[in-house]
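The block underneath contains the structure these notes are about, expressed in structure tokens.
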Amino acid sequence: MAAEPSPAQALLELYRRVPLGMRLGLEPMRDACARNGHPERAFAAVHVAGTNGKGSVCAMVESIARAAGLHTGLYTSPHLCRFAERIRIDGEPVDDTTLARHLTRALDDAASLSFFEAATLSAFLSFREASVDVAIVEVGLGGRLDATNVLPTPRAAAITRIAFDHTDRLGKTLVEIAREKAGIAKPGLDIVLGSMPGEVRAAIDEVARGIGATTSSTEGLPAPAAIGLPGEHQVGNARIAAVLGARLGASRAAIAKGIANVAWPGRLERIGPYLLDAAHNADGAEALARHVATLGYRPDEAALVFGALIDKDYRAMLAELAPLAATRVYIAPQSAARPAVDPGLLKSLYPGTVASSVPEALAMLQHVPLVIIAGSIAAVGQARAALLGLPCDSPVAL
């Protein structure tokens, strides 16, 4: 009998055989699910879309569900350090044996699936095998044509926030982007909405009504008393999570406990003097800048380690973040999916130093009181691995 492949072997084969681009379209994923006995139908789900905040909301809802005694699955993307972070059972990354088995099974469909579709299929197979009570599933890109949208009508769903990102795929205006994200609507489903401009809400409502769904806003709802994630923007995310938790049947006590105890690495995460944040668009950078302003550091007491992938609005991000720090170090984040912005170009926008890697950048800043690391989820993952001595799989920004 052939030995089970290791996770490293399965991942290398996945990277080698499967296109790394994120494809928009549901038919290949539907066909793959059908060939595998429809694992997406084996569990109740919470489906969360949005430009920013959807990962934090998913983490909060999963924490609430566990506090309520439910056996949980959590699917998010991309990963910070290890691929297994994307697929969690009861709060823990799926074990290596299970991961390798399901990645290998997904590779049977490699000729027809993209990287993200294969990863999503692996998550659904893992959740079915674990017999989870509920899986909290984060949309990868957009909503309407995202691979996760093969889910049947979920127990609850949300759209967190609409901002500019992936404009080449989702649209050039907030209304166009909102319409794509509203495509997670299903007949009879009520979608929980975060704070958003009136015309954006109207666009989502129009799409939802056309599908036979409705929407409910969380604006004006009371904020949870304690939130385990820092940053004022997490208040809105916690409101959404509280409503989703209630729709899962969680008690008020379980909702409060879950939100208070949630952990979500790489989001305003402090590791000694280092502040790691996954902000990778202008909206996220603005939220990060607001948080840094509350910490009381002068620019001459702070340093910024910044790198971005080529498809991101690095100019807008730097406009928010560069003034926070007198010392700036630019890097090229490593990602298997797409190239990074040339650090020399970043240096030409706001003076700074170029480092060949994230560890080299960190080594240059050992005596700075505050070191901000942002611009790319891949860079944050590499920094986290270097600071905590964690193993790392190849980063894929999908």
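The values are calculated or read from the model by the stated rules, or taken from the named source; none is laboratory data. Being a predicted model, the structure only gives us computed values, none of them experimental. Here the Cβ positions follow ideal geometry from the backbone for every residue, glycine too, while neighbour counts run over all protein chains shown. To get the accessible areas, we keep the full protein, side chains included, count just its heavy atoms, and leave off ligands, DNA and RNA. Shrake-Rupley method; radii C 1.70, N 1.55, O 1.52, S 1.80 Å.
Open to solvent by 10 Å² or more (accessible area, probe 1.4 Å) and in contact (Cβ under 8 Å) with a residue 40 or more places away in the chain - does that describe any residue in the stretch 188-203? Looking for residues that are open to solvent by 10 Å² or more (accessible area, probe 1.4 Å) and in contact (Cβ under 8 Å) with a residue 40 or more places away in the chain, one finds at least one in the stretch 188-203, hence yes. When 302, 355, 293, 308 are checked against the criterion of being open to solvent by 60 Å² or more (accessible area, probe 1.4 Å), touching a Leu at 6+ places or on another chain (Cβ under 9 Å) and among the aliphatic types (A, V, I, L, M), 293 stands alone in meeting it. For the stretch 71-78, does any single residue satisfy the condition of being surrounded by 18 or more Cβ atoms within 10 Å (Cβ to Cβ), within 17 Å of the chain's Cα centre (by Cα), within 20 Å of residue 266 (Cβ to Cβ) and at pLDDT below 95? Yes, there is a match, as at least one residue in the stretch 71-78 is surrounded by 18 or more Cβ atoms within 10 Å (Cβ to Cβ), within 17 Å of the chain's Cα centre (by Cα), within 20 Å of residue 266 (Cβ to Cβ) and at pLDDT below 95.
Checking the condition surrounded by fewer than 21 Cβ atoms within 10 Å (Cβ to Cβ), under 19 Å from residue 49 (Cα atoms) and in contact with a strand residue (DSSP E or B) (Cβ under 9 Å, 6 or more places away or on another chain), which residue from 267, 247 passes? After ruling out the rest, the residue left standing is 247.
What about residue 163, is it in a loop (DSSP other than H, G, I, E, B) and at pLDDT below 90? Against the criterion (in a loop (DSSP other than H, G, I, E, B) and at pLDDT below 90), residue 163 qualifies. Counted as qualifying within the stretch 1-68 are no helices (runs of 4 or more DSSP H), as none has 3 or more residues that are modelled with pLDDT of 90 or more, in contact with a helix residue (DSSP H, G or I) (Cβ under 8 Å, 6 or more places away or on another chain) and open to solvent by 20 Å² or more (accessible area, probe 1.4 Å). When residues in the stretch 69-86 are screened for being of a type in the set (S, T, N, Q) and in a loop (DSSP other than H, G, I, E, B), 2 of them pass. For the stretch 123-159, taking the residues that are of a type in the set (Ser, Thr, Tyr) and either surrounded by fewer than 23 Cβ atoms within 10 Å (Cβ to Cβ) or modelled with pLDDT under 95 (or both), the one that is farthest from residue 53 (Cα to Cα) is identified as 131. Scan the stretch 298-352 for residues that are of a type in the set (Gly, Ala, Ser), part of a strand (DSSP E or B) and either without any contact (Cβ under 8 Å) to a residue 12 or more places away in the chain or closer than 17 Å to residue 274 by Cβ (or both) and the total you get is 2.
Residue 239 falls short on exactly one of the conditions (1) basic (Lys, Arg); (2) assigned to a loop (DSSP other than H, G, I, E, B); (3) open to solvent by 50 Å² or more (accessible area, probe 1.4 Å), and that condition is (2). Among residues of the stretch 85-105 that are farther than 20 Å from residue 392 by Cβ and modelled with pLDDT under 90, those with a beta-carbon under 8 Å from a residue that is of a type outside the set (D, E, K, R) and part of a loop (DSSP other than H, G, I, E, B) at least six positions away or on a different chain give the pairs 104/5; 105/36.
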